[in-house]
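Q: Pasting a structure below so you can have a look.
The values are calculated or read from the model by the stated rules, or taken from the named source; none is laboratory data. Small disclaimer: the values here were computed from a predicted structure and weren't measured. Areas reflect the complete protein model, heavy atoms only, side chains present, ligands, DNA and RNA absent. Shrake-Rupley method; radii C 1.70, N 1.55, O 1.52, S 1.80 Å.
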Amino acid sequence: MKILSAIVLLVVGGIHLYLVFIGVGGLLGVLFVLNAIAGLVLAIGMLVLRGRLLSITTVLSLLFVIATLSALLLALTVGFFGITETWNFTLVPETVVIESIGIVVLAFATAVVLRAPRTA
């Protein structure tokens, strides 16, 4: 689950970094770069951390993907930070699918990590 979670986080961050490379700029570009950095840091954390720090990382990772998908859905509907998005923009449908799957994967990973018996 840790490896699958890390892959999801890298893909979510990678999509945003790709969009910056193809020309998304301004405030949205800065937010996308920060998203890519956060995805990378959380993915590394999923792979190397143990114990309580892993528990915190899984919860933060789940919240991160929920927030990322929520921001996209807000941009698609009512706008977000003055940014409106359309379904036919590059990778929007794919991003919705990937981030939705990511929420399921990370929710399961979070449940597994939080239910694991603690060792001293």
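Q: Which of these, 69, 42, 60, has the largest mean-square fluctuation under a Gaussian network model of the chain (Cα springs below 10 Å)?
A: Per the Cα network of the chain with a 10 Å cutoff, 60 tops the list.
Q: Go ahead and set up a Gaussian network model of the chain, Cα springs under 10 Å, then flag whichever of 59, 33, 97 fluctuates most.
A: Among 59, 33, 97, the largest GNM mean-square fluctuation belongs to 97.
Q: For a quick check, take a GNM of the chain with Cα springs below 10 Å and name the residue from 63, 27, 17 with the largest mean-square fluctuation.
A: Ranking 63, 27, 17 by mean-square fluctuation puts 27 first.
Q: Oh, and also: Rounded to a whole number, what % of the accessible area of the chain do carbon and sulfur atoms account for, probe 1.4 Å?
A: The C+S portion of the solvent-accessible surface of the chain is 76 percent.
Q: I'd like to check one number: the per residue accessible area of the chain, probe 1.4 Å, reported in Å² as a whole number.
A: Value for the chain: 57 Å² per residue.
Q: What is the chain's relative contact order, in percent, from Cα pairs under 8 angstrom and six or more apart in sequence?
A: 32
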